[in-house]
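For reference, the structure discussed in these notes is given below.
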Amino acid sequence: MIQLYVLYNLLGLILFIIIPYYYKKSKSFANLFLLYTFFSSFFLFKFGLDLSLNKAISQYTYFSSKIFHLDLRFKVDLTSFLFLTLNFLLFLFIYLFRLYFIDDLVFHSFLTILYVINNFYFISGDPITLFLFWESMLVPTTLLLWYYSAGNSRRNALEYVIYNFGFSIFMLLGILLLVINKFHNQSGIISPIASFLIFIGIMVKSPVFPLHGWLENTYYNLPTFVTGIFSAILSKYAIYAYISLIYVKPLFYDLLVLIVATSIILSALIAISTDDFKKVLVYMSMSHVNVMVLGLLMSFYKPLNTFHVVLMSIVHGLVGFSLFLIVQHFQIKTNDLIIKNYGNLTYNYPIITTVLTTSLLILAGFPITAYFFSEFHILSATFKYSILFGFLLAIGIALNLIYKAKLFYFLIFKKYNFITTPKLD
């Protein structure tokens with residue numbers, strides 16, 4: 001089955017590359033993509049059925065070398081399946097409900113190519129295949145930035161490439177060390193060094209301070225629904241890479257934990273300091289993904305953390321994407337993202353109020369939600385490892401609550417003697 005899925009995505013990749021030459025209207029293209037995702041759903045259903053009933057992991061080896069002890073393969077396990085489903089749902093929502101506002105077919109070609117590359121990445125079953133699609137993702141995303149981002153689009157694209165492509169060299173070196181280590185059947189110091197080098201590449205994609213310099217210009221200047229995709233899916237490249245590649249505690253482990261914990265606090269402070277709705281969500285995404293990365297680092301002491309991080313990733317992807325869609329609605333209708341200029345949303349916009357309130361409560365870790373249990377598990381694991389690191393994480397989580405409360409206060413709770421919120425419908 002997985003062979004057919006790989007072939008199907010390969011055909012989709014070719015189709016979406018050549019499609020601008022044959023289709024003249026984005027509506028026709030959207031219908032074609034919906035047809036493509038309709039057939040994709042059958043593969044996802046089959047993978048889900050196999051995993052739930054038979055606990056079977058689908059694998060397909062497309063290249064094998066006994067000389068180099070090398071097997072290049074695709075696989076679908078529970079983690080892959082969940083990320084594939086997230087990718088499927090978000091792109092389905094975009095085209096089913098016409099959430100885009102750009103009719104350029106080249107733009108949609110880049111976007112759907114990204115969809116297919118995401119599928120390939122999340123079924124990568126070995127380090128080399130994973131790195132191939134880790135880098136391939138840069139092509140459509142850089143082109144989206146180059147042609148369709150606001151402000152200085154070329155500067156945004158170059159900054160993005162310099163960080164993401166430049167620091168990928170560390171991940172490549174780490175993967176090569178893993179391959180060499182497997183070839184010579186050695187362990188010792190090589191594996192911790194490889195894990196450390198791979199983690200540097202993961203720090204850029206998350207991103208983690210101080211390798212987050214590309215984040216604001218990239219996320220803020222892209223069309224907002226595309227920013228939602230970057231936040232919901234592309235940041236999860238780091239999570240999947242960690243789960244797939246890092247099995248040995250990295251060198252300088254405590255230093256890495258300290259850096260990630262500091263990054264959680266720093267990004268939360270930036271989110272608190274701004275009144276721009278979109279910028280708050282940009283740094284919210286950074287802070288939350290950093291919590292997930294810290295949870296993965298703690299998995300050496302509490303292995304179940306991996307599942308909780310994956311669950312947290314899926315919830316963050318869906319809920320965070322919905323928040324970016326609200327930002328897009330504000331942006332289109334009012335061209336104003338300063339939260340202090342809004343208020344009284346409850347009176348006239350109950351649906352927006354309900355979605356916004358529910359989303360903020362979930363991401364705040366409201367009890368009984370999956371996000372609460374995942375975050376609590378990560379926090380308890382961190383305290384179990386170190387009181388200091390647990391305390392830093394607790395500060396970061398508390399700061400995350402402050403900017404969510406700030407959003408809720410200015411957008412919903414704050415009332416005026418007259419309606420000040422511009423018409424959003």
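The values are calculated or read from the model by the stated rules, or taken from the named source; none is laboratory data. The structure presented is a predicted model; accordingly, all values stated were derived computationally and were not measured. No Cβ is skipped: glycine too gets one built from the backbone with ideal geometry, and neighbour counts run over all protein chains shown.
Scan region 332-342 and give yes if some residue there is of a type in the set (Phe, Trp, Tyr) and surrounded by 14 or more Cβ atoms within 10 Å (Cβ to Cβ), otherwise no.
Within region 332-342, one or more residues are of a type in the set (Phe, Trp, Tyr) and surrounded by 14 or more Cβ atoms within 10 Å (Cβ to Cβ).
Which condition from (1) free of Cβ contacts under 8 Å to residues at least 24 places away in the same chain; (2) buried (at least 17 other Cβ atoms within 10 Å of the Cβ) is the one that Ile351 breaks?
Of the numbered conditions (1) free of Cβ contacts under 8 Å to residues at least 24 places away in the same chain; (2) buried (at least 17 other Cβ atoms within 10 Å of the Cβ), the odd one out for Ile351 is (2).
Hey, can you tell me all the residues within region 117-132 that are surrounded by 24 or more Cβ atoms within 10 Å (Cβ to Cβ) and not in a helix (DSSP H, G or I)?
Of everything in region 117-132, just one residue is surrounded by 24 or more Cβ atoms within 10 Å (Cβ to Cβ) and not in a helix (DSSP H, G or I), namely Ile123.
Would you check if Ile198 is in contact with a helix residue (DSSP H, G or I) (Cβ under 9 Å, 6 or more places away or on another chain), of a type in the set (Val, Ile, Thr) and surrounded by 23 or more Cβ atoms within 10 Å (Cβ to Cβ)?
Yes.
Against the conditions (1) farther than 23 Å from Ile94 by Cβ; (2) buried (at least 19 other Cβ atoms within 10 Å of the Cβ), where does Ile180 fall short? Just the number, please.
Going through (1) farther than 23 Å from Ile94 by Cβ; (2) buried (at least 19 other Cβ atoms within 10 Å of the Cβ) one by one, Ile180 breaks only (2).
On the given criteria, is Leu379 in contact (Cβ under 8 Å) with a residue 24 or more places away in the chain, part of a helix (DSSP H, G or I) and either of a type in the set (A, V, I, L, M) or not assigned by TED's automatic domain parsing to the domain that holds His308 (or both)?
So Leu379 does not fit the description; no.
Residues in region 341-398 that are of a type in the set (A, V, I, L, M, F, W, C) and within 22 Å of Ile259 (Cβ to Cβ): how many?
Result for region 341-398: 14.
Go over the candidates Val248, Val257, Val309 one by one and state the one that is within 19 Å of the chain's Cα centre (by Cα) and assigned by TED's automatic domain parsing to the domain that holds Gly396.
Checking each option against the conditions leaves just Val309.
Step by step: first the residues of region 15-32, then only those that are in a helix (DSSP H, G or I) and among the aromatic types (Phe, Trp, Tyr), then the one that is modelled with the highest pLDDT. Which residue is that?
Phe16
When you check Leu35 against the structure, is it touching a Ser or Thr at 6+ places or on another chain (Cβ under 7 Å), in the same structural domain as Leu114 (by TED's automatic domain parsing), at pLDDT 80 or above and of a type in the set (A, V, I, L, M), yes or no?
No, not satisfied.
Kindly provide the set of residues from region 358-371 that are under 22 Å from Asp275 (Cα atoms) and crowded, with 17+ Cβ neighbours inside 10 Å, ordered by number.
Ser359, Leu360, Leu361, Ile362, Leu363, Ala364
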